[in-house]
Amino acid sequence: MATTAEYRLGEFTYPRGWFMVAASAEVTGTPIGVRYFGEDRVLYRGRSGQVYMVEAYCPHMGTHLANNHTSYIVKDNEHVEGESIRCPYHGWRFGPDGKCNEIPYSPAPIPKAACLKSWKVVERAGCIWTWHDPEGQEPDYDLPAFDQYGAPNWVSWNIRPLGELASHPQEIIDNMADKAHLGPVHGSIDMVLFENVFDGVTCRQVLTAGHKTLAGDGNEPMTNDTWYTGPGILQSIMIGEYPSHMLIAHTPVDDGVVKVWYGLMVKVPNEVPAEADIALAGGYEQAGVDAFAQDFEIWGNKRPCIHPMMVQGDGPFHKVRIWYKQFFNPRARAGEFQERVNGRIVTKGTMQDPWIEAA
């Protein structure tokens, strides 16, 4: 495990961007403790159904607002009241804006310092997202729309939490350039195309290749269009008989540790997916999880790659790393990094772009 400083990414320990913090199904009227960007936080759903995220510790005496199951505040179903959350120790109540709005036993005015930090969250496509910015500014790019979620002919994803990974996200982002691992790790064969496109906050990889098991002899190669929107949201579309749309989200927990989720949507013949369609999508989802587990195992058992030893045939790792730096530096410098990478890069060593040009 290495730190942001060791990778020399920039001024900030954690990157600016949209990040997943939970699957929608995880967040209920029972508050849960989470940790992101080096801070303990609490997620809960108010009586209206709206999700909120506030810092974990009560300013009164430092009690964790979620990690309690025995207090009568919890037993009497007073832990969440309306859109507010109560401390299970002394009953102080805090609104979703973080301000204390009741101290039940005291007639004195509520101290101005009785506040919790709070964060904006958005619920979309079965996930809870938050915006993180070390400079405290509003988002400078949009959260993806995930248009296929809930659309006709699509089996929506069932978000799988894959747990924590003791790896800096730089190692995960590197995969966008890593042409050479696709055969040894994932079973790609007969590679037709491998290219990267950089465009502002988007980093894209387009791969067309066969596969040892997913595409047998005589089958058309599969095309995967994979892209990051910012530093923490990866989507991938696989074009084939049953098109699929994959999500991989990873969010910093601490410097050098991330939490990861996986989801897959599949397009099926029926406008309203039948039971057989859902079963088919489940098989695709499991195959995708198994493929991602191949990467997960590598990342979890390697030493940090601070200085890659590049050879001919490796993809544009240097470009991916420059692109990634824009999120660890003041947004006023983002254009500086984008100008150094924006455009299309083709990595040779494929059928379309061989090492030796045809005569």
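The values are calculated or read from the model by the stated rules, or taken from the named source; none is laboratory data. Since the model is a prediction, treat every value here as computed from it, not as a measurement. Cβ: placed from backbone, ideal geometry, glycine included. Neighbour counts: every protein chain shown. The accessibility values were calculated without ligands, DNA or RNA, using every heavy atom of the protein model including side chains. Shrake-Rupley method; radii C 1.70, N 1.55, O 1.52, S 1.80 Å.
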**OP:** With the condition kept exactly as written, say whether any residue in segment 67-80 is at pLDDT 95 or above, open to solvent by 40 Å² or more (accessible area, probe 1.4 Å), among the charged types (D, E, K, R) and within 26 Å of TRP129 (Cβ to Cβ).
**Re:** no
Original post:
What pairs can you find where one residue is in segment 214-243 and within 19 Å of MET265 (Cβ to Cβ), the other is at pLDDT 95 or above and in a loop (DSSP other than H, G, I, E, B), and their Cβ atoms are less than 6 Å apart, with a gap of 6+ or different chains?
Top reply: THR229/PRO144
**OP:** Kindly indicate whether any position in segment 263-273 is under 25 Å from GLU171 (Cβ atoms) and surrounded by 14 or more Cβ atoms within 10 Å (Cβ to Cβ).
**Re:** yes
**OP:** Look at TYR105 and say whether it is among the hydroxyl-bearing types (Ser, Thr, Tyr), touching a residue at least 24 places away in the same chain (Cβ under 8 Å), in a loop (DSSP other than H, G, I, E, B) and open to solvent by 40 Å² or more (accessible area, probe 1.4 Å).
**Re:** no
Original post:
Among the residues of segment 184-202 satisfying the criterion of being farther than 17 Å from TRP355 by Cβ and assigned to a strand (DSSP E or B), which is most open to solvent (accessible area, probe 1.4 Å)?
Top reply: ASP199
Subject >> Qualifying residues in segment 143-173 (those that are in contact (Cβ under 8 Å) with a residue 12 or more places away in the chain and charged (D, E, K, R)) - the one surrounded by the most Cβ atoms within 10 Å (Cβ to Cβ) >> reply: GLU171
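Each row is one residue, and each column tells you yes or no for (1) open to solvent by less than 50 Å² (accessible area, probe 1.4 Å); (2) over 21 Å from LYS179 (Cβ atoms).
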residue	(1), (2)
GLY313	yes, no
PHE337	yes, yes
ARG340	no, no
ILE345	yes, no
THR350	yes, no
Original post:
Is it the case that segment 4-13 has a residue that's under 28 Å from GLU138 (Cα atoms), assigned to a strand (DSSP E or B) and β-branched (Val, Ile, Thr)?
Top reply: no
Subject >> Filter result (hydrophobic (A, V, I, L, M, F, W, C) and open to solvent by 20 Å² or more (accessible area, probe 1.4 Å)) within segment 1-33 >> reply: MET1, ALA5, PHE12, ALA25, ILE32
Original post:
Which one of these does VAL21 not meet: (1) in contact with a Ser or Thr (Cβ under 7 Å, 6 or more places away or on another chain); (2) assigned to a helix (DSSP H, G or I)?
Top reply: (2)
Original post:
Within segment 253-268, can one find any residue that is of a type outside the set (A, V, I, L, M, F, W, C), touching a residue at least 24 places away in the same chain (Cβ under 8 Å), closer than 30 Å to GLY38 by Cα and touching a Gly at 6+ places or on another chain (Cβ under 6 Å)?
Top reply: yes
Original post:
Out of curiosity, is GLY313 on the phi > 0 side of the Ramachandran plot and of a type outside the set (Lys, Arg)?
Top reply: yes
